[in-house]
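Colleague: Quick one: this structure, given as structure tokens, is what I'll be asking you about.
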Amino acid sequence: MTKHRLFLIGMGPGTAEWMTLAAWNRITKVSYIFASERLKDMLVNELAERLAFDHSQYQWRIFDGKLTAMVEPLLADLQKGDTAVLCTGDTGIFSIASWLSKVIAERSPNQQIEWLPGISSLQYFTSRLQRKWNDLNILSLHGREPADLERIFKQGDSLALFTDPLHSPRWIAEALVQYGRGDDLMSCGFRLSYDDEEIVTGTVKDFLSGPIEEQRLCLVIVEATELVESTNKNRVNKQIFLNENADLNIPAATTIAENNYTIHLGAGFAGGLPDEAFVRGKRPMTKSVIRSRLVSLLNLTGKDCVWDIGAGTGSCSVEIALLSQRGGHVFAIEVEPEGVQLIQQNGKKFGVNNLTVVDGEAPEIFAGLPLPDRAFIGGSGGRLEDILRYLTDGWHQLNRTTGKLFPRIVVSGVTLETPYQAIKLLQKYHFAVTDIEQIQVNSYRNLGRVHMPKAENPIWLIAADWRDDTENMI
């Protein structure tokens, strides 16, 4: 055993103030110091001003290139005196300490080696975000192949990602969006602990564009939000129990369970299933709060024939179908192939047998369908007037043979022009507009000890009753 010791010292996330006292004590007792140029500058420039640190009494060995080049000089110095190798962050997380210990032990089996932990950039970053870090899936992207990352990104875990020049925040965002995680919360930490430290937080989608410099190394934390898609067995089993007192003929035993998400549908289900409960893919989806208001505005009886025009993922169709168990039926009309598939998947997942998916473009695909008692137009493809004309012509003819009809319709939109256009057309085709609402919901996500807001786009809902040959007033 050599009489001289090797100290592998974690130096913290960046500046000298985050170096531990133990690290300082060891450094002052060695003869040789191996360090990067940055870590040497930190000691020489920062500590010299604060402490009596005479850097000239040490033999400095600078390594900024291949690590293998430092092995022989290190072994030689250990024959002469105690030696320290300064490591960025903590010795236990993506550090040279593990590799170097193995190499030195192979070359000099009797060499005394001591690790001194430091504050890692991950510890520092999570403390700045005021969140724990023991639930994170931690990995370095350096040298990773896309196939390796696909499995990790798909799992739905909360992630801590150490970037490299090839895997920038924008690259990470593009990959996460591809796997349906565009709404997850993402935080990027640049130059952590320095005076020009920068921490940027937003949704994953926010990082698809913007002023962030792509070549800067950083630490990225992604907060998992899609509990339904997660296969992480350590997640809390989230259960939703819905009121079972009302009489809507939904079997009390109806249960949807997927991974660690369980929903018990009681007889009093009144809409507003959690967004995470639906298979979504890459399609936009009407959010839970909006769906709750939508089914209220439709004034469902449980026996209605309902058209969901531009059904998207089918989230509204499913909720309406669950509320139409007294003989009602929902026709989910969708032209996009991905949407058609998602509606089928969600219908199957919730076990609704009164939902029919209609694959085609409105209004041409309407031929052959029974006229609706209620209609929700979530997407018209720019053909709102054609849709309203078809409905009112059909209702007018049916009304002449069967008596008074009282159909009701709800139109949704996100643009400022939608309510103006919708109201004019509804009035033109003999609708009495009863409700004009703009709804914006701000939800908050837990981020450690704080809650971060996540604003949703405002949504217009315009509800109207059709009255044959009546004048309409707002």
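The values are calculated or read from the model by the stated rules, or taken from the named source; none is laboratory data. Fair warning: this is a prediction, and the values are worked out from it, not measured in the lab. Here the Cβ positions follow ideal geometry from the backbone for every residue, glycine too, while neighbour counts run over all protein chains shown.
Colleague: How many residues does the stretch 93-133 hold that are more than 19 Å from the chain's Cα centre (by Cα), under 30 Å from E174 (Cβ atoms) and polar (S, T, N, Q)?
Modeller: Qualifying residue count, the stretch 93-133: 5.
Colleague: Here is a further query. Working carefully through the options L398, L426, find the one that is more than 14 Å from L297 (Cβ to Cβ) and either modelled with pLDDT of 85 or more or surrounded by fewer than 16 Cβ atoms within 10 Å (Cβ to Cβ) (or both).
Modeller: Details: L426 fails: more than 14 Å from L297 (Cβ to Cβ).
The unique qualifying residue is L398.
Colleague: Of all residues in the stretch 123-182, count the ones that are modelled with pLDDT of 90 or more, among the aromatic types (F, W, Y) and within 27 Å of D275 (Cβ to Cβ).
Modeller: 0
Colleague: In the list W115, W133, which residue meets the criterion of being part of a loop (DSSP other than H, G, I, E, B) and either surrounded by fewer than 16 Cβ atoms within 10 Å (Cβ to Cβ) or of a type in the set (F, W, Y) (or both)?
Modeller: W133 is the lone residue from the list that is part of a loop (DSSP other than H, G, I, E, B) and either surrounded by fewer than 16 Cβ atoms within 10 Å (Cβ to Cβ) or of a type in the set (F, W, Y) (or both).
Colleague: Let me ask another. Among the listed residues L398, L391, which satisfies the condition of being assigned by TED's automatic domain parsing to the domain that holds G339 and closer than 30 Å to V289 by Cβ?
Modeller: On inspection, the qualifying residue turns out to be L391.
Colleague: While we're here: Criterion first (assigned by TED's automatic domain parsing to the domain that holds F190 and without any contact (Cβ under 8 Å) to a residue 40 or more places away in the chain) does S127 satisfy it?
Modeller: The answer is yes for S127.
Colleague: Would you pick out the residues in the stretch 283-315 that are under 24 Å from V335 (Cα atoms), modelled with pLDDT under 90 and of a type in the set (S, T, N, Q)?
Modeller: Answer for the stretch 283-315, where residues must be under 24 Å from V335 (Cα atoms), modelled with pLDDT under 90 and of a type in the set (S, T, N, Q): T286, S288.
Residues checked against (1) more than 30 Å from R467 (Cβ to Cβ); (2) assigned to a helix (DSSP H, G or I); (3) out of contact with any strand residue (DSSP E or B) (no Cβ under 9 Å at 6 or more places or on another chain):
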| position | (1), (2), (3) |
| --- | --- |
| Q325 | no, no, yes |
| V340 | yes, yes, no |
| L371 | no, no, no |
| D386 | no, yes, yes |
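Colleague: Further, regarding this structure: In the stretch 71-112, how many are acidic (D, E) and assigned to a helix (DSSP H, G or I)?
Modeller: 3
Colleague: In this structure, is P363 within 18 Å of Q325 (Cα to Cα) and over 31 Å from the mean Cα position of the chain (by Cα)?
Modeller: Values: within 18 Å of Q325 (Cα to Cα): no; over 31 Å from the mean Cα position of the chain (by Cα): yes.
No, not satisfied.
Colleague: Right, here's the next one. Would you call N346 assigned to a loop (DSSP other than H, G, I, E, B) and either modelled with pLDDT of 95 or more or not acidic (D, E) (or both)?
Modeller: Criteria not met by N346.
Colleague: Would a scan of the stretch 136-159 turn up a residue that is among the aromatic types (F, W, Y), touching a Leu at 6+ places or on another chain (Cβ under 7 Å) and surrounded by 18 or more Cβ atoms within 10 Å (Cβ to Cβ)? Break it down stepwise before answering.
Modeller: Taking the stretch 136-159 as the starting set, the residues that turn out to be among the aromatic types (F, W, Y) are 153.
Now narrow it down to the ones that are touching a Leu at 6+ places or on another chain (Cβ under 7 Å): 153.
Restricting the remaining residues to those that are surrounded by 18 or more Cβ atoms within 10 Å (Cβ to Cβ) gives 153.
Scanning the stretch 136-159, I find at least one residue that is among the aromatic types (F, W, Y), touching a Leu at 6+ places or on another chain (Cβ under 7 Å) and surrounded by 18 or more Cβ atoms within 10 Å (Cβ to Cβ), so the answer is yes.
Colleague: Conditions first: (1) outside any loop (DSSP other than H, G, I, E, B); (2) under 16 Å from C305 (Cα atoms). R400 passes all but one, so which condition is the exception?
Modeller: All conditions are met except number (2).
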